[in-house]
1. All but one of (1) buried (at least 22 other Cβ atoms within 10 Å of the Cβ); (2) touching a helix residue (DSSP H, G or I) at 6+ places or on another chain (Cβ under 7 Å) hold for A:GLU54; which doesn't?
2. Which residue pairs have Cβ atoms closer than 7 Å, lie 6 or more positions apart in sequence or on different chains, and pair a first residue in region B:210-225 that is under 15 Å from A:ILE210 (Cα atoms) with a second residue that is among the β-branched types (Val, Ile, Thr) and open to solvent by 10 Å² or more (accessible area, probe 1.4 Å)?
3. Out of region A:115-146, which residues are assigned to a strand (DSSP E or B) and among the β-branched types (Val, Ile, Thr)?
4. Which one is farthest from B:ALA239 (Cα to Cα), of the residues in region A:249-266 that are of a type in the set (Val, Ile, Thr) and open to solvent by 10 Å² or more (accessible area, probe 1.4 Å)?
5. Can you pull out the residues in region B:235-266 that are at pLDDT 95 or above and over 19 Å from A:THR169 (Cα atoms)?
6. Consider region B:183-198. How many of its residues are under 28 Å from B:GLY168 (Cα atoms) and not aliphatic (A, V, I, L, M)?
7. Output the strands (runs of 3 or more DSSP E) that fall wholly within region B:151-266 and possess 1 or more residues being within 14 Å of chain A (Cβ to nearest Cβ) and of a type outside the set (Gly, Ala, Ser), or say none.
8. Considering every residue within region B:230-248, establish whether at least one is open to solvent by less than 40 Å² (accessible area, probe 1.4 Å), charged (D, E, K, R) and under 24 Å from A:VAL177 (Cα atoms).
There are 2 protein chains.
Amino acid sequence: MFGIVGERINTSRKKVMEAVVNRDAQYIREEVLKQEAAGATFIDVNAGACIGEEMASMEWLLSVIQEVATVPLCIDSPDPKVLEVACGMLKAAPLINSISLERERFKAMVPFLQGRECSIVALCMDDSGLPRDAREIIDRAGRLVAALEQIGMKRERIYVDFLVQPIGTNTLNGVMVMEAVRGIMEQIPGVHTICGLSNISFGLPQRKIINRSFLALMMASGLDTAILDPLDRGLMAVARTVAMLLGKDEYCTSYLKAVRAGEILA
Amino acid sequence: MFGIVGERINTSRKKVMEAVVNRDAQYIREEVLKQEAAGATFIDVNAGACIGEEMASMEWLLSVIQEVATVPLCIDSPDPKVLEVACGMLKAAPLINSISLERERFKAMVPFLQGRECSIVALCMDDSGLPRDAREIIDRAGRLVAALEQIGMKRERIYVDFLVQPIGTNTLNGVMVMEAVRGIMEQIPGVHTICGLSNISFGLPQRKIINRSFLALMMASGLDTAILDPLDRGLMAVARTVAMLLGKDEYCTSYLKAVRAGEILA
């Protein structure tokens, strides 16, 4: 099944920031319930925009979210201390976002990860910056997976994020990541791939249609998890339709169920 | 550039049939102009539903269409006599739809094709029926191209139609043709691939969104021409967006132009 990380509970969104500042638990609970109802298989929690208050905001968010969430959470923070405290509060093994090949970041994350029951987003970023071609992405993915396996992480708990860059800055940024995902899924069997979709359309008009088409292309290339807004009905309709077209929906059962629920709208 | 065969002038459509019966030239001319304005690179002409009148209907249609058309026509008939007369009327080399590996059909088409200036749709159909897997499609495509080259057709004038079958009858009908197109484009370099999209969604609800997602997947697999309704704005928006995402729209120029023209609507 295609994995969907619901991205809405992020303090960079104005309404979420307001809810955190005002301790508006009802708003947050509804964001969880709506995302789950729409098909989220993880709920992302990001309090990074609460400068100086990330820890307290994360703690509050997790206490509220766990009252209602029935899917695992994705804890989104660059700070191992925040991750440590967050994990101490969780009832189920989370997805942690993220580690990378950047030397300091990797080193800082190792003590947190060792022996821990969690999944991890592994960014194909190293100290030389963003990758420039598919081969480089696949190479970095291979090194990351090897390094994580060496500290005891199971491969099926690793979600490689190959870093989507805007098509507006380089016409080949789309084919680069399509080729990269295909290569990663073939060459590192059992690993997951994940990405935030919307970066592809950064700077261009009519972003929604770009993101939808890009989701179809990435799923065709083998992407198995995406970070997205599950309340974007058009996007979710594409996810369900493409899963069917890729042969992952026997007798079109899920598609037909979604149509009956009014979820497939062109 | 992705090729688009505008499929609207087909007497199986009620309004077109009425226009043909009433010799309503204005209606037909508008269908040509609207399809060209929307991006059609060929205009399909099919009078097959005029039982006993196909020849006369085709002659009338062509005389009207050629008053205004500026792109080549696609002459759609199983009858070599109709094709012969049609070609005699044309100002520009057409795309002929179609030939197949069915023994009688192939034999009947050879005299028509030999030495003729035209392109041809080559259906991967033989006397044993529809293909059952990607390997079989690729094999039939190879035999068709070889047979057509033997009678003097140039490869770049051959459009292989791999025959889209409904996803509702077999969950793997989508991946079968995706794999087939990829194989054909790799193993028979220089050949074109073409298909009618809408058969994929036959029998299912919300067909438009299925057709749109399928177009994205097929373009990603290498399809270079599709038979479709260019007045379906959502479908054309996907075609333009996917072309950009596949790296075929330098500086996103065509996409941005289409947005300004109001053609990219989610």
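The values are calculated or read from the model by the stated rules, or taken from the named source; none is laboratory data. In this text the structure is predicted, and so the values were computed from the model without any measurement. Here Cβ is always computed from backbone atoms with ideal geometry, including for glycine, and neighbour counts include all displayed protein chains. Please note that ligands, DNA and RNA were not included when accessible areas were found on the heavy atoms of the full protein model with its side chains. Shrake-Rupley method; radii C 1.70, N 1.55, O 1.52, S 1.80 Å.
1. Among (1) buried (at least 22 other Cβ atoms within 10 Å of the Cβ); (2) touching a helix residue (DSSP H, G or I) at 6+ places or on another chain (Cβ under 7 Å), the lone unmet condition for A:GLU54 is (1).
2. What qualifies is B:ARG212/B:VAL238; B:SER213/A:VAL238; B:LEU215/B:VAL238; B:ALA216/B:VAL238.
3. Result: A:ILE120, A:VAL121.
4. A:THR253
5. B:LEU235, B:MET236, B:ALA237, B:VAL238, B:ALA239, B:ARG260
6. 6
7. B:192-196
8. For region B:230-248, residues open to solvent by less than 40 Å² (accessible area, probe 1.4 Å), charged (D, E, K, R) and under 24 Å from A:VAL177 (Cα atoms): absent.
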